[in-house]
Amino acid sequence: MIPIAQANEEPMLCSGHAACPGCIDALSARHILTAMGPDAMAVIPPSCMAIIAGPQPFSSLRIPVYQPTLESAAAAATGLRRALDAQGKHGTQVIVLAGDGGTYDIGFQCLSSAAERNEDFIYFCLDNEGYMNTGAQKSSSTPHFARTGSTPAGKTSRKKNLTEIMAAHRVPYVATASAGHLPDLLCKIEKAKGMRGTRIITLIIPCMDGWGVADDAGLMTARYAVESGAFPLYEIEDGHRYTLNHTTKTRPVSDYLGLQRRYRNMSTADMETLQAEIDDGWATLQERVANSERKQHA
Amino acid sequence: MSTQAKAILLTGNQAVAWGARLARPKVVPVYPITPQTPVLEQLTAFAAEGTFDAEIVTPESEHSVMSACIPASLVGTRVFTATASQGLLLMHELLHYASGARAPIVMVNVNRTVASPWAFWPDQTDSLSQRDTGWIQYYVEDAQEALDSVLQAFRVAEQVLLPTMVNLDAFYVSHALEPVQVPEQALVDGYLPPFNPPHRFDTDKVESWGNVATQDMYYRHRQGLAEAMARVPALAAQADHEWAQLTGRSFGVIERYRCDGARTAIVTMGSMCGTVRDAVDAMREAGVTVGLVKVRLFRPLPVAALRAALVGFDDIIVLDRNYSPGHGGVLHQELRSALYGSAVAPRIHGLLAGVGGVNVSPAKVAEFVNQALQGEAQIESQWVR
């Protein structure tokens, strides 16, 4: 594993890029790219990350980048992977850096297809829970009650559970991660690098502008997401082996929501509903982890 | 001429698969659709028997097929695929993307009616509606030309770095069995050198594609595309000429059939050309001096060659097996545009013949010609059957 000190020094993502001040997308990408190293190629569909990658003729990434259409990241990664295989370059890692819109929504069909074929790449979903690059509209990753440009009164449906859906494809590795828990993130990248096949890591990316978070509060918000159980850190191997990486839920969801303007003026009843949903999700996850451990020990 | 070539009985689709096999593409993403499916099945059969060494990818849609084709080509591998009709339309956004990325993918499209309603007949509206996507487009007449054109298409595509579509009509070409000369692999290897583009995705070179461009840079990319397109007619003619030297078979970019002394030319594309040849032979025997001008290269439209091929005719009868609602036959529009400003302009009669796969026999062609010549050339394309 790459030591954290080194992760902070290697400039695989160059300075001078176009991310907003305090952006967790850029910070996460920097850690991912450093951990991946130079023998890699990135597929970056339209998203905040595509803007961060820079305008022609510049690139803020020190690896080749292919920017496909919004809905085709996993299919493009497939083409890239197969062509590299045809050239005998099996060691070169193909990674995807996509947003939640390009993953949960418009790119989901081809992601499901690539996972079914167990195509050999690491798919990083930089999940800022909405279309932040177009000014914050809802995606199917936007949580219940969150206000966005297209849900001004709060979203009326719950966030899609991408991790469970991808695990149901029985791919070798699906995980959630956060730049707020850096050692865990780097462990997961290293673990994924050592595997072949479709590996999917979803990172929670608090968005300063889209969530209404202070410029210096991104990492704290990411940590609160995990500590409140709103975004649990866990991994699922081969579709059934669960591991919970952050094993305690120590905050009420109100702590997490209080850092964000997108939940402003939420009623007490809605707050209680959301807390109940998170408690329920946490309990379900605990059961799955326990079942998985029981099976492995049986 | 090759003495090694063997003639075997193949459908147009099988001939396409043979052409693809001989071109040695390294990545082949492909999705089944009637009437293209036998191309896919023949290629996977070749791979299963060990005679075709390519990464075959079978994604969930044609959209993902083309999405995979583009970066695979930009890595520097030769890429082939095939589709038809709705599949081609589903790819539409990616067709633009491929030409913008200068990815010399070769794709065969089997021309089939577009829905709705559902139908499965020969009709070229599918590919003609993609004429502005930046792809080179060939239209072929029979199975032999389909095989040979796949190889010529790779030759031209990789010289100018433009994607290329080879179109063959549903069933008339895709499913009709004909004796086809299959060239030796060594002959094809000599004709088609390995694909070795100067720019490619390579971890040592660290080049990227797709990052946002300024107005000025976008303009320059479009100009580059135009310059590449402008080179195509001459390179396509040269590729055809060199193929003729190796195999004795030549198709031209524009072909004139029995045009000597003719006052009237019938202009069309694809399998209709075979029908018109018979019609021309019969009309010539009956004393009507008429010839065929076959448009094989449709994009870029070889305007200079077309004007040269059509000079001296009094009347041009265009047979369009396609329909652009609100404007008529696509080839009719294109020919009027190409001939506008000619010193002596012929009358152009646009006929919507065979739209939706309606059968057009040689006798019908003769009837259409006689009817057209009796009246003035109409501005609008005319429905005939």
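From the list A:Pro206, A:Pro183, A:Pro232, the one residue that fits, being under 18 Å from the mean Cα position of the chain (by Cα), surrounded by fewer than 14 Cβ atoms within 10 Å (Cβ to Cβ) and not polar (S, T, N, Q), is A:Pro183. Of all the listed residues (B:Ala84, B:Ala54, B:Ala45), the sole one being in contact with a strand residue (DSSP E or B) (Cβ under 9 Å, 6 or more places away or on another chain), closer than 24 Å to A:Glu116 by Cα and either away from chain A (no Cβ under 12 Å) or not aromatic (Phe, Trp, Tyr) (or both) is B:Ala54. The selection criterion, being touching a residue at least 40 places away in the same chain (Cβ under 8 Å), under 16 Å from B:Thr164 (Cβ atoms) and either surrounded by fewer than 20 Cβ atoms within 10 Å (Cβ to Cβ) or of a type outside the set (Phe, Trp, Tyr) (or both), holds for B:Ala82.
May I ask you to verify whether B:Pro71 is in a loop (DSSP other than H, G, I, E, B) and farther than 26 Å from B:Gly356 by Cβ? It would help to see each step written out before you state the result.
Working: in a loop (DSSP other than H, G, I, E, B): no; farther than 26 Å from B:Gly356 by Cβ: yes.
Here the answer is no, as B:Pro71 does not meet what is asked.
Over 25 Å from the mean Cα position of the chain (by Cα), on the phi < 0 side of the Ramachandran plot and not charged (D, E, K, R): is that true of A:Asn265 in this structure?
So A:Asn265 fails the test.
Between A:Ala42, A:Ala77, A:Ala86, the distinction of being without any contact (Cβ under 8 Å) to a residue 24 or more places away in the chain, within 19 Å of B:Thr203 (Cβ to Cβ) and at the interface with chain B (Cβ under 9 Å from one of its Cβ atoms) belongs to A:Ala86 only.
With the range A:98-210 as the region, which strands (runs of 3 or more DSSP E) entirely inside it contain at least 1 residues that are hydroxyl-bearing (Ser, Thr, Tyr), within 14 Å of chain B (Cβ to nearest Cβ) and under 23 Å from A:Ala29 (Cα atoms)?
So the answer is A:198-204.
Based on what the data block shows, is B:Leu94 closer than 23 Å to A:Val65 by Cα, out of contact with any Gly (no Cβ under 7 Å at 6 or more places or on another chain) and either at pLDDT 95 or above or of a type outside the set (A, V, I, L, M, F, W, C) (or both)? Spelling it out, B:Leu94 is indeed closer than 23 Å to A:Val65 by Cα, out of contact with any Gly (no Cβ under 7 Å at 6 or more places or on another chain) and either at pLDDT 95 or above or of a type outside the set (A, V, I, L, M, F, W, C) (or both).
Need a quick list: strands (runs of 3 or more DSSP E) entirely within the range B:6-63 having at least 2 residues that are buried (at least 24 other Cβ atoms within 10 Å of the Cβ).
The strands (runs of 3 or more DSSP E) meeting that bar are B:27-29.
Scanning the range B:67-81 for residues that are more than 7 Å from every other protein chain (Cβ to nearest Cβ) and within 10 Å of B:Val28 (Cα to Cα) turns up B:Arg78, B:Val79, B:Phe80, B:Thr81.
Can you say whether A:Gly54 is free of Cβ contacts under 8 Å to residues at least 40 places away in the same chain, on the phi > 0 side of the Ramachandran plot and within 12 Å of chain B (Cβ to nearest Cβ), as far as the supplied structure shows? Yes, satisfied.
Give the range A:252-279 a look and list any residue that's in contact (Cβ under 8 Å) with a residue 12 or more places away in the chain, part of a loop (DSSP other than H, G, I, E, B) and loosely packed, with under 14 Cβ neighbours inside 10 Å, or say none. Once the filter is applied, which keeps residues that are in contact (Cβ under 8 Å) with a residue 12 or more places away in the chain, part of a loop (DSSP other than H, G, I, E, B) and loosely packed, with under 14 Cβ neighbours inside 10 Å, the range A:252-279 yields only A:Arg264. Applying the criterion of being under 14 Å from A:Cys125 (Cα atoms) and of a type in the set (Gly, Ala, Ser) to the residues of the range A:13-39, the residue that is farthest from the other protein chains (Cβ to nearest Cβ) is A:Ser28.
Condition check for B:Ala239 on (1) within 14 Å of another protein chain (Cβ to nearest Cβ); (2) crowded, with 18+ Cβ neighbours inside 10 Å: one failure, at (1). The residue that is nearest to B:Glu93 (Cα to Cα), counting only those in the range A:57-74 that are surrounded by 22 or more Cβ atoms within 10 Å (Cβ to Cβ) and more than 7 Å from chain B (Cβ to nearest Cβ), is A:Glu71. When the range B:284-337 is filtered for residues that are under 17 Å from B:Ile136 (Cβ atoms) and in a helix (DSSP H, G or I), the ones remaining, listed by number, are B:Val303, B:Ala304, B:Ala305, B:Leu306, B:Val330, B:Leu331, B:Glu334.
Regarding A:Gly91, is this residue more than 8 Å from chain B (Cβ to nearest Cβ) and not in a helix (DSSP H, G or I)? Let's see the steps before the verdict.
Working: more than 8 Å from chain B (Cβ to nearest Cβ): yes; not in a helix (DSSP H, G or I): yes.
Yes.
Scanning the range B:154-169 turns up at least one residue that is over 23 Å from B:Gly87 (Cα atoms) and either at pLDDT below 95 or within 13 Å of the chain's Cα centre (by Cα) (or both). For the range A:158-179, a tally of residues being touching a strand residue (DSSP E or B) at 6+ places or on another chain (Cβ under 8 Å) and either hydroxyl-bearing (Ser, Thr, Tyr) or over 18 Å from A:Asp238 (Cβ atoms) (or both) returns 6. All of B:Leu335, B:Leu339 fail the test of being in contact with a strand residue (DSSP E or B) (Cβ under 8 Å, 6 or more places away or on another chain) and buried (at least 20 other Cβ atoms within 10 Å of the Cβ), apart from B:Leu335.
Figure legend. Inter-residue proximity from the range B:23-45: first residues β-branched (Val, Ile, Thr), second residues part of a loop (DSSP other than H, G, I, E, B), beta-carbon distance below 6 Å, spacing 6+ or different chains. Indicated pairs: B:Val27/B:Thr77; B:Val28/B:Ala54; B:Thr34/B:Phe120. Remark: B:Glu93 falls outside the filter, which requires a residue to be closer than 30 Å to B:Phe201 by Cα and surrounded by 24 or more Cβ atoms within 10 Å (Cβ to Cβ). Across the range B:87-124, the number of residues qualifying as more than 10 Å from chain A (Cβ to nearest Cβ) and among the acidic types (Asp, Glu) comes to 1.
The values are calculated or read from the model by the stated rules, or taken from the named source; none is laboratory data. Predicted model, so just to flag it, every value in this text is computed and none were measured. Please note: Cβ atoms are built from the backbone with ideal geometry, for glycine as well, and neighbour counts cover all protein chains shown.
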